[in-house]
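See structure below.
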């Protein structure tokens, strides 16, 4: 049995893993999907002081208080920055670190730094009374009904989660854990020079990383959960 900790992306919530959780659980694994403060089912806790540090605390505390060790820790999209920031606190509890179509930061980088000019943190807020909220980017799922269901649950993201820099005392590639990057290769809204593709090309060319591709758009956990489960289970079993 393996313990999986799955960290969702911006504007999302643990509901984004609703198709993935039962597949892993049916195989006998424990699955933890902590929700990040201020978004998803914790949207009621949002505020201008919610930052990347808040989300790092969310994940680090979930792992510590559940006393999880030898885990597979996965960060999806923005969640890649969160799991990276948590390594200084709980890195000794992680066997496998998975970036799922995610940002892979270095020390001192923020989401804004990784995206560059025209980043999402400069998008106009949809709520004039809460100008510190970044509106969600529309995402397509497998059907209009699924897309509408998910869009109703995507909430504004506190801007400080995008502008605060990650702190890493030790570079990710120098840590004693395995590294895996999983890339969605069929997202029509993503250009070849995106931060996700830059991270993917590096992983594919590096002996330090395991690299996989899935033929779908960015929303891998909701679009292709079976393919993702196969990768995660092989990883825990020691397959390349």
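The values are calculated or read from the model by the stated rules, or taken from the named source; none is laboratory data. Keep in mind that what you see is a predicted model, and the values were worked out from it rather than measured. Virtual Cβ from ideal backbone geometry, glycine too; neighbours counted across all protein chains shown.
Tell me which of these residue 108 doesn't satisfy, since it passes every other one: (1) under 18 Å from residue 66 (Cα atoms); (2) more than 17 Å from the chain's Cα centre (by Cα). Status for residue 108: all satisfied but (1). Hey, any hits in region 120-136 for a residue that's modelled with pLDDT under 90, under 23 Å from residue 219 (Cβ atoms) and not in a helix (DSSP H, G or I)? Within region 120-136 (the criterion being modelled with pLDDT under 90, under 23 Å from residue 219 (Cβ atoms) and not in a helix (DSSP H, G or I)), the answer is yes, since at least one residue qualifies. The residues listed here are 57, 101; of these, the one that is at pLDDT 95 or above and surrounded by fewer than 24 Cβ atoms within 10 Å (Cβ to Cβ) is 57.
Filter region 85-104 down to the residues that are in contact (Cβ under 8 Å) with a residue 24 or more places away in the chain and over 15 Å from residue 209 (Cα atoms) and list them by number.
Going residue by residue through region 85-104, those that are in contact (Cβ under 8 Å) with a residue 24 or more places away in the chain are 85-91, 93-104.
Of everything in region 85-104, those that are in contact (Cβ under 8 Å) with a residue 24 or more places away in the chain and over 15 Å from residue 209 (Cα atoms) turn out to be 85, 86, 87, 88, 89, 90, 91, 93, 94.
Per the listing 147, 170, 216, the residue uniquely under 19 Å from residue 20 (Cα atoms), over 16 Å from the mean Cα position of the chain (by Cα) and part of a loop (DSSP other than H, G, I, E, B) is 216.
Among residues of region 195-213 being without any contact (Cβ under 8 Å) to a residue 60 or more places away in the chain, in a helix (DSSP H, G or I) and surrounded by fewer than 16 Cβ atoms within 10 Å (Cβ to Cβ), the one that is farthest from the chain's Cα centre (by Cα) is 205.
Would you mention how many residues in region 32-46 are more than 19 Å from residue 20 (Cβ to Cβ) and surrounded by fewer than 18 Cβ atoms within 10 Å (Cβ to Cβ)?
In the first step, residues of region 32-46 are kept if they are more than 19 Å from residue 20 (Cβ to Cβ); the result is 37-38, 42-46.
If we keep only those that are surrounded by fewer than 18 Cβ atoms within 10 Å (Cβ to Cβ) too, we end up with 42-45.
Selection size over region 32-46: 4.
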